[in-house]
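The values are calculated or read from the model by the stated rules, or taken from the named source; none is laboratory data. For clarity, every value in this text was computed on a predicted model and none was experimentally measured. Quick reminder, even Gly has a Cβ in these numbers, built from the backbone with ideal geometry, and neighbours come from all protein chains shown.
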Amino acid sequence: MSIHDQPTASKVPGPGVKKIVPIDPRQAELVERIARAVNTDGVNQTAFAPLAFIRASQVVQPLPTIYAPSLCIVVQGRKHAIMGDESIPYDPSCSLAET
(Lines give C-alpha, C1' and ligand atoms only; values in the text may rest on other atoms or scores of the structure.)
Protein backbone atom coordinates (compact mmCIF):
# COMPACT_ATOMS: atom_id res chain seq x y z
CA MET A 1 0.00 0.00 0.00
CA SER A 2 1.30 3.47 -0.84
CA ILE A 3 0.20 6.74 0.63
CA HIS A 4 0.85 10.14 -0.94
CA ASP A 5 -0.47 13.61 -0.31
CA GLN A 6 -2.59 15.84 -2.46
CA PRO A 7 -2.73 19.63 -1.96
CA THR A 8 -3.99 20.86 1.38
CA ALA A 9 -6.56 23.56 2.00
CA SER A 10 -3.82 26.18 2.21
CA LYS A 11 -2.69 25.47 -1.36
CA VAL A 12 -4.46 26.11 -4.63
CA PRO A 13 -5.71 22.75 -5.93
CA GLY A 14 -5.04 21.73 -9.51
CA PRO A 15 -7.69 20.79 -12.06
CA GLY A 16 -9.99 18.02 -10.88
CA VAL A 17 -8.91 18.30 -7.21
CA LYS A 18 -11.57 19.57 -4.85
CA LYS A 19 -10.49 22.05 -2.21
CA ILE A 20 -10.62 20.58 1.29
CA VAL A 21 -11.70 23.03 3.98
CA PRO A 22 -12.22 22.47 7.70
CA ILE A 23 -15.69 21.07 8.27
CA ASP A 24 -16.22 22.78 11.60
CA PRO A 25 -14.45 25.05 14.10
CA ARG A 26 -13.12 22.07 16.11
CA GLN A 27 -11.36 20.70 13.05
CA ALA A 28 -9.92 24.14 12.27
CA GLU A 29 -8.60 24.32 15.85
CA LEU A 30 -7.03 20.86 15.52
CA VAL A 31 -5.34 21.90 12.25
CA GLU A 32 -3.91 25.01 13.97
CA ARG A 33 -2.66 23.11 17.04
CA ILE A 34 -0.95 20.43 14.97
CA ALA A 35 0.58 23.06 12.66
CA ARG A 36 2.14 24.78 15.70
CA ALA A 37 3.57 21.48 16.97
CA VAL A 38 4.77 20.12 13.61
CA ASN A 39 6.74 22.50 11.41
CA THR A 40 8.82 20.10 9.30
CA ASP A 41 7.84 17.55 6.68
CA GLY A 42 8.25 13.87 7.47
CA VAL A 43 7.57 11.84 10.60
CA ASN A 44 7.47 13.98 13.75
CA GLN A 45 7.59 12.05 17.02
CA THR A 46 5.74 13.31 20.08
CA ALA A 47 6.42 13.01 23.81
CA PHE A 48 3.91 10.12 23.79
CA ALA A 49 6.07 7.54 21.97
CA PRO A 50 3.39 5.63 20.02
CA LEU A 51 1.95 8.89 18.65
CA ALA A 52 3.58 10.58 15.66
CA PHE A 53 2.49 13.21 13.18
CA ILE A 54 3.33 12.86 9.51
CA ARG A 55 3.44 16.05 7.49
CA ALA A 56 3.86 16.50 3.74
CA SER A 57 3.53 20.04 2.44
CA GLN A 58 3.60 19.03 -1.21
CA VAL A 59 2.49 16.14 -3.39
CA VAL A 60 4.90 13.22 -3.12
CA GLN A 61 5.43 10.18 -5.31
CA PRO A 62 3.89 6.87 -4.18
CA LEU A 63 6.14 4.93 -1.82
CA PRO A 64 5.54 1.16 -1.61
CA THR A 65 5.14 0.39 2.08
CA ILE A 66 3.60 -2.21 4.34
CA TYR A 67 2.25 -0.61 7.49
CA ALA A 68 1.79 -2.19 10.90
CA PRO A 69 -1.78 -1.92 12.17
CA SER A 70 -2.34 1.72 13.03
CA LEU A 71 -4.91 4.48 13.25
CA CYS A 72 -4.42 7.32 10.77
CA ILE A 73 -6.44 10.49 11.04
CA VAL A 74 -6.33 12.90 8.12
CA VAL A 75 -6.63 16.37 9.60
CA GLN A 76 -6.12 18.36 6.41
CA GLY A 77 -5.62 17.55 2.74
CA ARG A 78 -6.31 14.36 0.85
CA LYS A 79 -4.41 11.10 0.74
CA HIS A 80 -4.59 8.13 -1.60
CA ALA A 81 -3.98 4.48 -0.77
CA ILE A 82 -2.83 2.65 -3.88
CA MET A 83 -3.43 -1.09 -3.98
CA GLY A 84 -2.51 -2.69 -7.29
CA ASP A 85 -4.15 -0.55 -9.99
CA GLU A 86 -6.72 0.95 -7.62
CA SER A 87 -6.32 4.41 -6.03
CA ILE A 88 -8.54 4.97 -2.99
CA PRO A 89 -8.84 8.60 -1.80
CA TYR A 90 -9.52 9.53 1.81
CA ASP A 91 -9.66 12.87 3.60
CA PRO A 92 -11.16 14.55 6.69
CA SER A 93 -14.70 13.90 5.44
CA CYS A 94 -14.28 10.13 4.91
CA SER A 95 -12.30 7.21 6.27
CA LEU A 96 -10.49 4.17 4.94
CA ALA A 97 -10.34 0.77 6.64
CA GLU A 98 -8.33 -2.08 5.13
CA THR A 99 -7.56 -5.53 6.46
Single residue of segment 7-43 satisfying the filter (among the charged types (D, E, K, R), under 22 Å from P89 (Cβ atoms) and out of contact with any strand residue (DSSP E or B) (no Cβ under 7 Å at 6 or more places or on another chain)) that is modelled with the highest pLDDT: D24
Matching residues, segment 61-78, being within 26 Å of R26 (Cα to Cα) and among the small types (G, A, S): S70, G77
All-but-one check, A81 against (1) within 12 Å of the chain's Cα centre (by Cα); (2) loosely packed, with under 13 Cβ neighbours inside 10 Å; (3) over 21 Å from Q27 (Cα atoms), failing number (2)
Filtered residues of segment 32-55 (kept if of a type in the set (S, T, N, Q) and farther than 17 Å from G77 by Cα): N44, Q45, T46
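Give me the residue from segment 44-99 that is among the charged types (D, E, K, R) and out of contact with any Phe, Trp or Tyr (no Cβ under 6 Å at 6 or more places or on another chain) and, out of that set, modelled with the lowest pLDDT.
E98
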